[in-house]
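Contents: one structure, followed by commentary.
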Amino acid sequence: MRRKPIFSIIIIAIILTIGILYGINKTTDVSYQTLDGKVFGTYYSVKIATESLNPNVKQDIERTLEQINNRMSVFEPYSEISQINRSPANIPLHLSRQMALIMQTSAKINRISKGAFDPTVGKLVELWGFGTQNNPPIPTPQKIAETLSYSGFDKLEFNPDYSELKKKDSRTFLNLSAIAKGYAVDKIAELLDLYGYKNYLVDIGGEMRVSGQRDDKSNGWNIGVATPKKHSKDNLFAMSLSNIAVATSGDYQNFTYYEGKKIAHAISPQTGYPVSDQLASVTVLDKSCMQADAYATGLLVLGFSKGLQLAEENHIPAIFIIRNQDDTFAVHFSSDAKFLQEE
């Protein structure tokens with residue numbers, strides 16, 4: 001079993017690929033500034049269309065990412081999330097503004113997704129070896145049932161503005177990997193806005209947000225949706241987007257084997273078992289990358305039929321990639337994403 005990176009990603013997988021598209025239609029009259037590095041066990045890349053770059057930008061980006069990691073990583077023993085996970089039951093905990101926003105958004109999407117998106121799956125993630133534990137034994141049905149008994153977003157209590165949290169059961173364990181990367185993308189975008197940049201792309205491990213356009217001859221930024229195969233560099237299609245966030249969850253980047261079958265890291269909060277469905281990946285568009293990240297997770301967990309129904313009912317622009325039996329792929333668009341077919 002492979003150890004997960006800093007955010008022990010439950011349902012997050014990298015399907016969106018931009019690198020091979022950065023150079024498409026690039027003009028010589030635009031100066032591109034690229035800042036990149038490592039964070040959360042993956043990479044970050046910030047691309048800004050500008051002639052000059054404030055020398056403080058990279059330092060501020062990395063400081064922001066470090067602050068988020070120190071609040072939301074289960075791999076950091078003194079992070080805010082780790083303190084919550086160690087907390088006894090019925091003890092009120094004051095939440096930072098960042099964590100309060102994450103919890104409020106999580107509550108909203110947990111309700112809309114009918115529980116498919118649920119940060120309290122942390123112990124289930126650990127059981128299946130996609131968390132902080134290396135090579136744990138395959139969990140028994142009894143252990144899964146026991147873990148489900150203290151999982152669920154209803155095991156958390158909040159005050160009206162989500163600035164205070166109480167756990168009903170001390171064993172409830174949170175994992176924010178299906179929302180925190182998207183949140184970090186939003187915070188970096190906000191930082192660039194404060195610096196006055198209008199045309200940029202922020203990418204953290206495949207979750208991204210774009211603003212403006214890449215050059216004077218385009219209407220946005222070219223983003224490729226990759227074939228959902230590990231290490232694949234092929235794109236199923238490309239789209240030109242502006243002023244939007246994009247996030248993807250898939251079943252192919254992180255997996256292990258159970259009873260001779262490959263199982264993905266997508267753990268169902270309802271059953272406690274890895275998701276098994278023909279759905280290979282889901283890509284969601286939203287103004288908030290944090291929301292896109294969480295929605296993509298919930299839709300993947302639901303599977304194609306229920307996920308598409310939820311997207312239709314809630315007007316979520318979503319792209320579903322289905323794996324056929326012959327290992328080919330079919331692409332389905334929710335009604336609110338059909339405009340992408342014209343790209």
* To do: Please identify the pairs in which a residue from region 45-59 that is touching a residue at least 60 places away in the same chain (Cβ under 8 Å) has its Cβ atom under 6 Å from the Cβ atom of a residue that is of a type in the set (Asp, Glu) and in a strand (DSSP E or B), counting only partners at least 6 apart or on another chain.
  => Ser45/Asp36; Ser45/Asp203
* Identify the single condition in (1) buried (at least 20 other Cβ atoms within 10 Å of the Cβ); (2) closer than 12 Å to Leu285 by Cα; (3) over 15 Å from the mean Cα position of the chain (by Cα) that Met208 does not satisfy, given that it satisfies every other one. => (3)
* To do: With the condition kept exactly as written, say whether any residue in region 239-258 is in contact with an Asp or Glu (Cβ under 7 Å, 6 or more places away or on another chain), of a type in the set (A, V, I, L, M), farther than 19 Å from Gly205 by Cβ and modelled with pLDDT under 95.
  => yes
* Among the residues of region 308-316, is there at least one that is modelled with pLDDT of 90 or more and buried (at least 24 other Cβ atoms within 10 Å of the Cβ)? -> yes
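The rows are residues; the columns are (1) among the aromatic types (Phe, Trp, Tyr); (2) out of contact with any Leu (no Cβ under 9 Å at 6 or more places or on another chain).
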| position | (1), (2) |
| --- | --- |
| Phe75 | yes, yes |
| Met99 | no, no |
| Ser106 | no, no |
| Gly115 | no, yes |
* Total residues in region 170-186, condition part of a loop (DSSP other than H, G, I, E, B) and surrounded by fewer than 24 Cβ atoms within 10 Å (Cβ to Cβ) -> 3
* To do: Tell me which of these Lys229 doesn't satisfy, since it passes every other one: (1) touching a residue at least 24 places away in the same chain (Cβ under 8 Å); (2) part of a loop (DSSP other than H, G, I, E, B).
  => (1)
* Asked: (1) surrounded by fewer than 16 Cβ atoms within 10 Å (Cβ to Cβ); (2) out of contact with any strand residue (DSSP E or B) (no Cβ under 9 Å at 6 or more places or on another chain); (3) modelled with pLDDT of 95 or more: which one isn't true of Gly23, the others all being true?
  -> (3)
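So that you can scan it fast, the table gives a plain yes or no per residue for (1) more than 18 Å from Lys187 (Cβ to Cβ); (2) in contact with a strand residue (DSSP E or B) (Cβ under 9 Å, 6 or more places away or on another chain); (3) at pLDDT 95 or above:
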site: Thr27; (1), (2), (3): yes, no, no
site: Val39; (1), (2), (3): no, yes, no
site: Ile81; (1), (2), (3): no, no, yes
site: Leu93; (1), (2), (3): yes, yes, yes
* Which residues, taken from region 317-334, are assigned to a loop (DSSP other than H, G, I, E, B) and either in contact with a strand residue (DSSP E or B) (Cβ under 9 Å, 6 or more places away or on another chain) or surrounded by 14 or more Cβ atoms within 10 Å (Cβ to Cβ) (or both)? -> Pro317, Asn324, Ser334
* Asked: Checking Tyr43 against (1) at pLDDT 70 or above; (2) under 17 Å from the mean Cα position of the chain (by Cα); (3) surrounded by 16 or more Cβ atoms within 10 Å (Cβ to Cβ); (4) closer than 16 Å to Ser177 by Cβ, which test does it fail?
  -> (3)
* Asked: Hey, any hits in region 156-164 for a residue that's at pLDDT 95 or above, touching a His at 6+ places or on another chain (Cβ under 7 Å) and not in a loop (DSSP other than H, G, I, E, B)?
  -> yes
* Looking at Ala100, is it on the phi < 0 side of the Ramachandran plot, modelled with pLDDT of 95 or more and either exposed (fewer than 12 other Cβ atoms within 10 Å of the Cβ) or touching a strand residue (DSSP E or B) at 6+ places or on another chain (Cβ under 8 Å) (or both)? -> no
* May I ask you to list pairs of residues, at least six apart or on different chains, whose Cβ atoms are under 6 Å apart, with the first in region 301-318 being under 18 Å from Met290 (Cα atoms) and the second being small (Gly, Ala, Ser) and assigned to a helix (DSSP H, G or I)? => Pro317/Ala337; Ala318/Ala311; Ala318/Ala337
* Asked: Restricting region 259-272 to residues that are out of contact with any Leu (no Cβ under 7 Å at 6 or more places or on another chain) and at pLDDT 85 or above, which is surrounded by the fewest Cβ atoms within 10 Å (Cβ to Cβ)?
  -> Thr271
* To do: Examine region 129-136 for a residue that is within 16 Å of Asp154 (Cα to Cα), within 16 Å of the chain's Cα centre (by Cα) and touching a residue at least 12 places away in the same chain (Cβ under 8 Å), and state whether such a residue exists.
  => no
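The values are calculated or read from the model by the stated rules, or taken from the named source; none is laboratory data. Computed from a predicted model, the values in this text were never measured in an experiment. Cβ coordinates were reconstructed from backbone atoms using ideal geometry, including for glycine residues, and neighbour counts include every protein chain displayed.
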